[in-house]
Amino acid sequence: MLVLEQCLNGLQFGVMLFLMAAGLTLVFGIMNLVNLAHGSLYMVGAYLATAALGRTGSFLIAAVFALVATLAIGMLVEVVALRTLYERDHLDQVLATFGLILFFNEAVAIVWGRAALFTTVPRALSGFVELLPGLRYPAYRAVIILVGLAVAGLLYVVVSHTRLGMLIRAGASNRTMLAALGVNVRLLYTVVFGFGAALAALGGVMAGPIYTVLPGMGEEILIQVFVVIVIGGIGSIRGALVGAVVVGMVDTLGRAFLKPALSSTLGPSAADSAGPALASMLIYILMAAVLYFRPQGLFPAARG
Amino acid sequence: MAEPLLSVRGLRKRFGGLVATDGVDLDVVEGETLAIIGPNGAGKTTLIGQLAGSVRPDAGTIRFGGADVTALSDSARSHRGLARSFQVTSIFRDLTALDNVALAVQAHDGHSFRFWRPARGEAALREPARAALVRVGLGERADVPAGTLAHGEQRQLEIAMALATRPRLLLLDEPVAGMGVEESQRMVGLLRELRGSHTLVLVEHDMDVVFALADRIAVLVYGRVIASGAPEAIRLDPEVRRAYLGEEVTQR
Amino acid sequence: MRSRAQAWTLTVGFLALALVPVAAALTHQPFYLDLFRRMMIFAIAAVSLDLILGFGGMVSFGHAAYLGIGAYAVAIPAFYGIESGLVQWTLAMALAGLAALVIGAVSLRTSGVSFIMITLAFAQMLYYLGISINAWGADDGMRLARRSAFGPVDLANPYVFYYVVLGLLVVLLALGHRLIHARFGVVISAARSNEPRMRAIGFATFRYKLAAFVIAGAVGGLAGALLTNQTEYLTPSYMHWTRSGDIMVMVILGGMGTLFGPVLGAIVFLLLEDLLSAWTVHWQVVLGPLLVLVVLYARSGLYGLLPGGTHRG
């Protein structure tokens, strides 16, 4: 039972990673932009949702507000700072978005301080659901899984069956051709970026009640998102989903079971250090292993 | 009968849904000049890439100099005597012409894990580099930054770099691409001079150049060699006319 | 290939650095001794990153990890009673170099965005490793009871330590200068300029890039050993990815690919940090946008503004 519950936790973490990874990989695949500040949008979403919840008492209102506000902030950043970066090389993009991270982390600390903020799960979802006889799982986390899978389904439909999706796929393989055909590439970029920002914000909003809300939370998850994208293949949404679930599972199960597993062989005190240490390294070792056999990731998107 | 210098069997390469190389067999005898022609999109550059080692084939074998080199990297093949020039000029724009060629010499002068002696001062690198530049006719332009050379001179520089690696076989991807009439003629003259001492495989669109230089021609269409043989035979081959020269016929 | 102007600028610069302790003693401001020593230590780190970033074109976003390894290589032996500087600092460079070898061997199989993300990920992995080992202070870090012992050279004396660091910086720059112009350096920068061409003429570029990566890592380890001696303290935060970002900023600010520029970059960055943090504890909210502006509009760095500064290395 414990294993099943941890598997579900792994899936839930994976779904969060997917929300972030999908946006990041889309932006990279279409606009060739490395956006380190993607995590900042996640963080801003979490902070705004927490603050709004404190003011209004309604999770739903807070969530909607946070989503809209973060999306607006994201678009503002795109227009003001990121547009000029599309043409620049990756190093410039890394440095500039690093600057943005410093700004956002500090801005958030100015407004809300450096201490962690606490917010609670909405009352309606604070109970448990009985998924199987004897298996009770927190309702909130179950909802996160459902939301994540719904987003994955929605993305699939949009990318494969709509005109926007077609433009996205075309843009990913041949940017200049798209512009030559008269497509408003600038608008397309803004829309795609907005999409990504909304997903990051959604992740942040849902993360608030179960993860710690503090400055720098975006980068913690961002680096794990990088691992997801490297494993899954840059530019591939399918890769992002597979990579996210795999990473989520490996990390969660590792953290839950490695220490007790080592305890029997190394003794409890050694396992106390070695367990968490090894668990925290697991996903990176996994990444290294995948890279060894397939440097382009599991589902590399064909680039034109 | 001696083994051909370069021998390709069953080469295949696909990129997603696109089949670039669809079972190519080729033989190149030492000392001959083979021209590969074909319509746009036939997969000529991909073929050169696989021969040079920068593109890994999905299937097939490549033998060079009596050994199987299919699994060898491009840098390893360079050391076996295979040199390559690029369709889109690929040089070091910030370095002088002499530095460009000296690099090619350096690549074949032992290893470069030397951390102390300035490379610029090494006569063992400069002298052969200068000689290669003179050979292609760029002797006067040795100290000019490569990026400021004229287009034709840059293509000549590519040849000089290839020569500096003392190759047995030169793979030339459209050597006269983008050149005017006079520059082309100069390049053809240079390549004619090289024919005696080197084996050449060149990909070309310019049929004048092809007929001026080639001992044999292979025609590549949709990744497959549909005909190969002496230039006159190719000129008259009906399938070739239809697939390639036929385009010009219908345009009239 | 030094121009006279560049030689002059460098001489004046290093003379100034050499006179800082004198000035500090005369004005009774030992703080400046500390500050400039810290700047020089980060200058060493920045110069090592410049080798792979500026000359080699490898955007490694995990350089702070090597500083961290170097720092631990001093602190942990000291914790167990091994205080010989020779042992500690050699270990620092060896372990950091080894880590660079392993990380580089995996990361250099990729390029572009993947490379950036992977180097960042591996560095963060080491950070998490540092946090989770309780025996070595975990989150809180470790104190260094005594600075590295080098026989008669007493690093506990701030002046002696200062000149040791200055000496190391000058030696490393001189060695770096030779390396850049030797065959190895030529290969590294040509590979940045046009790697397919390099491979076509016969260079197995991977091994050279990996070697540069290891050298940069080892020197980073030395910087880490110096850093922990400087602060007499060590925390896993030395390896945090934002530190990697800081070092990268120093390189860009000073002038990427100039070898000497990053020294200036380190000095300016830390001065700026010092000034801004005196003004407000939230100085990063200013530094962030400042950095964005530098990247967008002042990309070539400060070194180019100095006489003789347009000379590369």
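Separation between the A:A139 and C:Y32 pseudo-spin-labels, each 7 Å from Cα along Cα→Cβ, expressed in nm?
That separation, rounded to one decimal, is 6.7 nm.
Placing +1 on the Cβ of each Lys and Arg and -1 on the Cβ of each Asp and Glu in the protein assembly as shown, which of A:I145, B:V209, C:L302 has its Cα farthest towards the positive end of the resulting dipole?
Result: A:I145, furthest along the dipole toward the positive end.
Consider a paramagnetic label point 7 Å from the Cα of A:T212 along Cα→Cβ; state which residues of the range A:113-131 have an amide N under 19 Å from it.
Counting backbone N atoms under 19 Å from the label point, the list is A:113-121.
Can you give the alpha-carbon Rg of the range A:33-178 over 2.2 N^0.38 Å, where N counts its residues?
1.31
Helix A:268-293 versus the longest principal axis of chain A: what is the Cα-based angle in degrees, 0 to 90, to the nearest 10?
30 degrees
Report the Rg/Rh value for chain C, based on alpha-carbon coordinates and the Kirkwood definition of Rh.
My calculation puts Rg/Rh at 0.96.
Work from the charge dipole of the protein assembly as shown (Cβ charges, +1 for Lys and Arg, -1 for Asp and Glu, about the Cα centre) and give the residue of C:G56, A:Y211, C:M125 farthest towards its positive end.
The one lying farthest along the dipole's positive direction is A:Y211.
In what sequence do C:S107, B:S197 fall when counting other Cβ within 10 Å, fewest first?
B:S197, C:S107
Which of the aspartates and glutamates could a cross-linker bridge to B:K44, judged by Cα under 12 Å and excluding same-chain residues fewer than eight apart?
B:D22, B:D173, B:E174, B:E204
Over the protein assembly as shown, how many percent of alpha carbon pairs lie in each 10 Å bin up to the one with the longest distance?
Whole-percent P(r) values from 0 Å outward: 2, 11, 19, 22, 19, 14, 8, 3, 1, 0.
Taking θ as phi - 60°, what are the ³J(HN,Hα) couplings along the range B:167-179 by the Karplus curve (6.51, -1.76, 1.60), each to the nearest whole Hz, with x for Gly and Pro?
Coupling constants for the range B:167-179: x, 8, 10, 10, 9, 10, 8, 6, x, 9, 4, x, 9 Hz.
Long-range amide H contacts for C:Y233: which residues qualify at under 5 Å (H placed 1.01 Å from N, peptide plane, sequence gap of 5 or more or a different chain)?
C:L144
Using only the Cα atoms of chain B, what are the Rg and Dmax in Å?
Expressed in Å, the Cα Rg and Dmax of chain B come to 18.5, 65.
Say R0 is 22 Å: what FRET efficiency, to the nearest 0.05, do B:A59 and A:R294 get from their beta-carbon distance?
The value I calculate is 0.70.
How big is the range B:1-122 on each of its three principal axes, counting only the C-alpha atoms and giving the largest first in Å?
Per principal axis, max minus min of the Cα coordinates gives 49, 35, 26 Å.
Under unit Cβ charges (Lys, Arg +1; Asp, Glu -1), what dipole magnitude, rounded to 20 debye, does the range A:105-174 have relative to its Cα centre?
Details: 6 positive and 2 negative charges, 15 e Å.
Using Cβ point charges on Lys, Arg, Asp and Glu, the range A:105-174 gives about 80 debye.
Which FRET efficiency, nearest 0.05, do B:N40 and B:R9 yield, Cβ-Cβ r, R0 22 Å?
0.25
With runs of 4+ DSSP H residues as the only contributors, calculate the mean residue ellipticity of chain B at 222 nm using -39,500 (n - 2.57) per run, divided by the residue total and rounded to the nearest 500.
Working: 9 runs with 89 residues, N = 252.
The helix contribution divided over chain B gives -10500 deg cm²/dmol.
Out of every Cα-Cα pair in the range B:90-166, what percent are more than 14 Å apart?
Working: 1577 of 2926 pairs.
In whole percent, the long-distance tail amounts to 54.
Output wanted: per-residue J couplings in Hz (rounded whole) for the range A:46-51, from phi through Karplus 6.51 cos²θ - 1.76 cosθ + 1.60, θ = phi - 60°, x for Gly and Pro.
Once θ is set to phi - 60°, the couplings for the range A:46-51 become 5, 5, 5, 5, 4, 5 Hz.
Simple spin-label model, 7 Å along Cα-to-Cβ: A:S58 to A:T265 in nm?
Between A:S58 and A:T265, the label points sit 5.5 nm apart.
Which cross-chain or sequence-distant (5 or more) residues have an amide H under 5 Å from the amide H of C:F150, H modelled 1.01 Å from N in plane?
C:G85, C:L155
If one computes the Cα centroid of the range A:84-127 and of the range C:187-255, what distance in Å separates the two points?
Cα centroid of the range A:84-127 versus Cα centroid of the range C:187-255: 27 Å apart.
Taking only Cα atoms, what is the 0 to 90° angle, nearest 10, from helix A:163-173's long axis to the longest principal axis of chain A?
It is inclined by approximately 90 degrees.
Please list, in order along the range A:82-99, the HN-Hα scalar couplings obtained from phi with the Karplus expression 6.51 cos²θ - 1.76 cosθ + 1.60 (θ = phi - 60°), rounded to whole Hz, x for Gly and Pro.
Result, rounded to whole Hz: 7, 3, 5, 8, 4, 8, 7, 7, 4, 4, 4, 5, 4, 5, 5, 6, 4, x.
Have a look at C:M239, C:Y72, C:V292 and report the one farthest towards the positive end of the charge dipole of chain C, computed about the Cα centre with Cβ charges (Lys/Arg +1, Asp/Glu -1).
C:V292
Taking the Cα centroid of the range C:86-133 and of the range B:189-221, what is the distance between the two, rounded to the nearest whole Å?
50 Å
Give me, ordered by chain and number, the residues 5 or more places off C:M58 or on other chains with an amide H under 5 Å from its own placed amide H.
For C:M58, the qualifying residues are C:L53.
Per the Debye formula with a single identical scatterer at each Cα and no solvent contribution, what log10 I(q)/I(0) holds for chain A at q = 0.11, 0.12, 0.14 Å⁻¹?
Scattering profile of chain A, log10 relative to I(0): -0.70, -0.83, -1.11.
Suppose only helical runs count, i.e. DSSP H with n ≥ 4. What mean residue ellipticity at 222 nm does that imply for chain A under -39500 (n - 2.57) per run, divided by all residues and rounded to the nearest 500 deg cm²/dmol?
It lands at -25500 deg cm²/dmol.
Mind checking the dipole of chain B: about its Cα centre, +1 per Lys or Arg Cβ, -1 per Asp or Glu Cβ, Debye to the nearest 20?
600 debye
How far is it, in nm, from the label point at C:T242 to the one at C:Y163 when both lie 7 Å from their Cα along the line to the Cβ?
3.8 nm
Would you mind telling me which residue in A:G113, A:G153, A:G182 has the biggest mean-square fluctuation in a Gaussian network model of chain A, where springs connect alpha carbons within a distance under 10 angstrom?
Of A:G113, A:G153, A:G182, the most mobile in the Gaussian network model is A:G182.
Tell me what chain C gives for mean residue ellipticity at 222 nm when only DSSP H runs of n ≥ 4 count, each as -39,500 (n - 2.57), the sum divided by the residue total, rounded to 500 deg cm²/dmol.
-24000 deg cm²/dmol
When the Cα centres of the range A:251-300 and the range A:21-43 are compared, how far apart do they sit, in Å?
With the range A:251-300 and the range A:21-43 each reduced to a Cα centre, they are spaced 26 Å.
Given +1 on the Cβ of Lys and Arg, -1 on the Cβ of Asp and Glu, and no further charges, what dipole in debye does the protein assembly as shown carry about its Cα centre, rounded to the nearest 20?
Here the protein assembly as shown has a charge dipole of around 220 debye.
Taken together, the values in this text are just the output of simple stated rules run on the coordinates, not laboratory data. The structure displayed is predicted, hence computed values, not measured ones. Counting neighbours? That spans all protein chains shown, and the Cβs are built from the backbone with ideal geometry, glycine included.
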